[in-house]
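**Q** Quick one: the structure is below, and I'll ask about it shortly.
The values are calculated or read from the model by the stated rules, or taken from the named source; none is laboratory data. Note that the structure is predicted; figures quoted are calculated from it, not measured. Here the Cβ is made from the backbone with ideal geometry for all residues, glycine too, and neighbour counts use every protein chain on show. Ligands, DNA and RNA are stripped out before the accessible areas are found, and what is left, the full protein with its side chains, is counted by its heavy atoms. Shrake-Rupley method; radii C 1.70, N 1.55, O 1.52, S 1.80 Å.
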Amino acid sequence: MKIGDKVRFLSAVGGGIVKGFQGKDIVLVEEEDGFETPALIRECVVIEANEAQLRAVPPAVSVSPQAHKVVEKKIEPLDYKPVEIPGGDKINAYIAYLPEDIKNLGHGNYEAYFVNDSNYYLFFNYMSCENNAWKSIFDGTIEPNTKLFIHEFSKEELNQLERICVQFIAFKKSKPFALKNAYNIELRVDTVKFYKLHCFRENDFFDDDAIVYPLVINDVPEREMLVSSVELQEAMMQKVRVNNIPEKQPARKRQPDNLVEEIDLHINQLLDTTAGMSNTDILNYQLTKFRETLEKFKNKKGQKIVFIHGKGDGVLRNAILSELKKSYKNYPYQDASFREYGFGATMVTIK
């Protein structure tokens with residue numbers, strides 16, 4: 001983006017001509033009424049590059065009070081360089097939905113965002129399915145390690161987003177990069193969740209709670225099973241026919257002993273009241289429950305235990321990780337499934 005380019009605002013109506021910059025994040029846009037409006041660079045998209053106008057911009061002039069003479073200062077267009085994060089060369093992308101007013105679910109509007117958690121530019125197309133055909137809602141390019149507002153929609157429009165599809169390709173500008181596959185991810189959005197407060201959860205991308213759907217995790221696309229009502233009915237009929245066959249059924253397979261065990265360490269799940277307890281007392285109680293659980297399963301090799309600690313300010317999670325590194329060094333651990341637990345759980349494997 002350079003001075004003289006014609007831009008359009010992504011999250012508001014309007015646009016204009018780039019007249020200057022403030023710092024590295026703010027661009028000054030002259031609208032049709034002649035006023036200069038400051039806007040975030042990432043909230044603007046260039047619709048017409050105007051090199052001729054850029055060359056015609058005269059240098060800014062200021063007066064030096066010491067020498068009492070005119071000093072020319074050339075206005076340099078901002079050369080934006082995206083921030084690359086170590087380990088960010090794996091594609092991680094998400095679609096996120098936030099309510100405008102979380103205290104008024106079902107009555108206010110919602111916002112959709114595309115989250116690019118990688119060091120690549122992503123050129124994408126976001127679509128919804130209508131009458132077995134796809135309709136493009138938004139297309140554009142999102143910069144590395146940023147989130148981009150896609151559109152705002154009402155509860156009346158919610159059902160039109162029950163099936164969405166996102167297609168995108170990844171690339172880097174002006175530097176070599178590892179070639180990535182083109183992605184085509186189709187998801188079924190559970191619209192009922194938009195009316196339930198607990199479905200909007202803490203996340204790493206927004207200060208507010210959100211419903212976050214993974215599209216690609218570490219270069220691997222997320223694929224949900226999409227079953228039509230006709231296929232579902234046929235499968236049910238097939239099951240009925242099989243169950244009516246008068247022959248001996250095989251014995252049911254024994255369930256493995258190492259099914260995942262879930263332990264919720266939220267204090268309100270452990271105690272009826274915390275009256276008289278300090279924050280230190282609460283933390284110690286949670287860690288005691290953590291240790292007791294590991295001791296209980298210490299003889300069950302391969303047992304997986306998910307400790308739900310929540311995201312919060314990270315105090316409990318850090319205490320758990322410290323305890324694992326200090327007292328349970330041979331127990332592998334990792335973040336639990338994002339799809340099931342969000343970002344607030346750690347899975348430990350007994351060894």
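**Q** Looking only at residues that are surrounded by fewer than 17 Cβ atoms within 10 Å (Cβ to Cβ) and within 30 Å of the chain's Cα centre (by Cα) in the stretch 7-24, which one is nearest to Phe138 (Cα to Cα)?
**A** Ser11
**Q** How many residues are in a loop (DSSP other than H, G, I, E, B) and aromatic (Phe, Trp, Tyr) if we restrict to the stretch 145-199?
**A** 1
**Q** Cβ-Cβ distance below 9 Å, separation of 6 or more or different chains: which pairs start in the stretch 142-157 with a residue that is in contact (Cβ under 8 Å) with a residue 60 or more places away in the chain and end on one that is open to solvent by less than 30 Å² (accessible area, probe 1.4 Å) and among the small types (Gly, Ala, Ser)?
**A** Listed pairs, sorted by first residue: Pro144/Gly88; Pro144/Ser118; Asn145/Gly88; Asn145/Ser118; Leu148/Gly140; Phe149/Ala112.
**Q** I would also like to ask the following. Provide a single number: the residues in the stretch 210-231 that are open to solvent by 60 Å² or more (accessible area, probe 1.4 Å) and modelled with pLDDT of 90 or more.
**A** Of the residues in the stretch 210-231, 2 are open to solvent by 60 Å² or more (accessible area, probe 1.4 Å) and modelled with pLDDT of 90 or more.
**Q** If a residue must be outside any loop (DSSP other than H, G, I, E, B) and out of contact with any Lys or Arg (no Cβ under 8 Å at 6 or more places or on another chain), how many such residues does the stretch 89-109 contain?
**A** The total comes to 9.
**Q** What are the residues in the stretch 120-132 that are open to solvent by less than 50 Å² (accessible area, probe 1.4 Å) and of a type outside the set (S, T, N, Q), if any?
**A** Answer for the stretch 120-132, where residues must be open to solvent by less than 50 Å² (accessible area, probe 1.4 Å) and of a type outside the set (S, T, N, Q): Tyr120, Tyr121, Leu122, Phe124, Tyr126, Met127, Cys129.
**Q** Hey, Leu316 hits all of (1) in contact (Cβ under 8 Å) with a residue 24 or more places away in the chain; (2) not in a helix (DSSP H, G or I) but one; which does it fall short on?
**A** Exception for Leu316: condition (2).
**Q** For the stretch 301-335, which positions are out of contact with any strand residue (DSSP E or B) (no Cβ under 8 Å at 6 or more places or on another chain) and either of a type in the set (A, V, I, L, M, F, W, C) or open to solvent by less than 60 Å² (accessible area, probe 1.4 Å) (or both)?
**A** Gly310, Gly312, Gly314, Val315, Leu316, Ala319, Glu323
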